[in-house]
1. When only DSSP loop residues count, what trypsin sites (Lys or Arg not before Pro) in segment 81-134 have their Cβ near at most 16 other Cβ atoms within 10 Å?
2. Can you sort T249, T316 from fewest to most other Cβ atoms within 10 Å of each residue's own Cβ?
3. Helix-only estimate, please: 222 nm mean residue ellipticity of the chain, summing -39500 (n - 2.57) across DSSP H runs of length 4 or more and dividing by its residues, to the nearest 500.
4. With +1 assigned to the C-beta of every Lys and Arg and -1 to the C-beta of every Asp and Glu, and no other charges, what is the dipole magnitude of segment 182-233 about the Cα centre in debye, to the nearest 20?
5. Here are some pairs, K104/K318; K206/K268; K63/K339; K155/K349; which of them have Cα atoms lying more than 29 Å apart in this structure?
6. List F371, F121 from most exposed to least, where exposure is judged by having the fewest other Cβ atoms within 10 Å.
7. Helix 201-212 versus the longest principal axis of the chain: what is the Cα-based angle in degrees, 0 to 90, to the nearest 10?
8. If the cut-off is a Cα-Cα distance under 21 Å, which lysines reach K150, setting aside same-chain residues fewer than 8 apart in sequence?
Amino acid sequence: MSSNGFSRRNFIQKGALAGIAASSMVGSSFGQSVMSKVTDKEHAKFNYPSLATKKLTKLLNIKYPIIQAPTAGAVTTALVSEVTKSGALGGLPLTWTTPQDSHKRIKDVQEITNGSFYANFVLNFEPKALDSAIKSGIRIIQFSWGIPSKQIIQKIKSANIILGIQVTSEDSAISAINAGADYLVCQGTEAGGHVHASRPLHEALKEVLAVADNIPVVASGGIATGEDIYKYLSLGAAGVVMGSRFVATQESGAHPKYKEALLNSVAKDTVFTVCLNKGWSNATHRIIRNKTFKTWEAAGCPQEGNRPNEGEVLATYKSNGVTVSRYEGNVPNVDMTGKVEELGMYAGKGVGHINDLPMVAELIKRIWKEFLDK
């Protein structure tokens with residue numbers, strides 16, 4: 001493990017929740033169509049939809065200001081398709097996918113729905129499938145863990161693709177805006193999976209909104225309910241990202257033991273760590289505490305090369321026989337056999353509100369009703 005992996009924890013800070021004035025409504029035919037589903041009770045609270053939310057939903061061509069996180073290993077084309085068909089924005093994780101497989105996944109979703117979905121690339125790794133995604137007709141591309149190069153930006157803009165960039169601070173937001181981002185995804189340390197953030201979401205959101213001007217900002221990190229959506233939209237976010245909540249659905253490709261762990265965990269069962277760093281040494285992540293983490297922590301959080309049971313094979317992919325060893329970041333999915341519960345079961349701090357495994361369409365209807373009833 002590199003020293004960089006441990007130093008990222010020094011960035012974590014706590015702060016008081018700062019209120020941010022919500023944007024006021026403006027009239028438009030698009031806004032009126034959305035507002036027709038909102039009662040006078042919601043109008044009186046924070047004027048949903050705000051100008052920022054209307055801009056985001058129009059930009060992305062979605063009904064609800066909800067984005068499904070691109071959780072690699074757990075996200076299937078069926079999940080993305082159902083999210084998209086239900087009026088939210090589905091997300092395909094393509095960072096570790098071959099160009100050929102990326103093309104197939106995009107086409108599989110396009111055959112099921114003509115709604116909006118995006119491809120996500122993690123810039124700590126070469127986006128090998130980017131050109132394939134562009135040629136496949138993807139209309140939205142999102143990047144995390146970095147700012148895309150001028151060459152990548154040129155490819156995206158030349159193809160008239162909408163560009164989203166994950167940010168965590170004022171400085172990263174300014175860099176993303178200067179690069180040409182059409183919307184920003186503001187991540188906080190409450191998020192599950194690999195976490196770029198170094199501060200709680202409300203702190204990061206305040207910084208990003210202060211410089212975003214007319215660029216829509218989406219809140220990401222620990223969001224699992226309609227009440228959570230209400231909270232961050234009332235603080236000025238244009239929309240939200242939900243990850244763990246979509247992993248715990250029928251269409252998710254997560255292993256049953258992973259889904260069971262999500263149902264049985266609460267926020268304090270998660271940990272922000274650098275334990276599962278094999279192959280991505282500088283990445284902090286939030287997981288559910290399991291045997292691998294507890295044994296590593298008890299040994300003093302040793303660096304790579306000195307960790308307990310390092311290199312032990314824990315699981316095997318049934319489809320191709322590839323093995324996964326302890327401390328790798330692979331998500332337990334339905335294609336695996338073995339000690340999958342000792343792999344990284346990523347979960348955000350909102351996991352305590354996940355109590356069932358609904359179909360995606362049912363879930364989106366329910367959380368939106370929770371939002372409207374707040």
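Here, each number is a calculation from the coordinates, and none is a lab measurement. Computed from a predicted structure; not experimentally measured. No Cβ is skipped: glycine too gets one built from the backbone with ideal geometry, and neighbour counts run over all protein chains shown.
1. K128
2. Ascending Cβ contact count within 10 Å gives the list T316, T249.
3. Using -39500 (n - 2.57) per qualifying helix, the result is -10000 deg cm²/dmol.
4. Using Cβ point charges on Lys, Arg, Asp and Glu, segment 182-233 gives about 80 debye.
5. Working: K104/K318 20 Å; K206/K268 25 Å; K63/K339 40 Å; K155/K349 36 Å.
Long pairs (Cα-Cα over 29 Å): K63/K339; K155/K349.
6. Details: F371 23, F121 27.
Least to most surrounded, the residues fall as F371, F121.
7. Orientation of helix 201-212: about 50 degrees from the principal axis.
8. K128, K135
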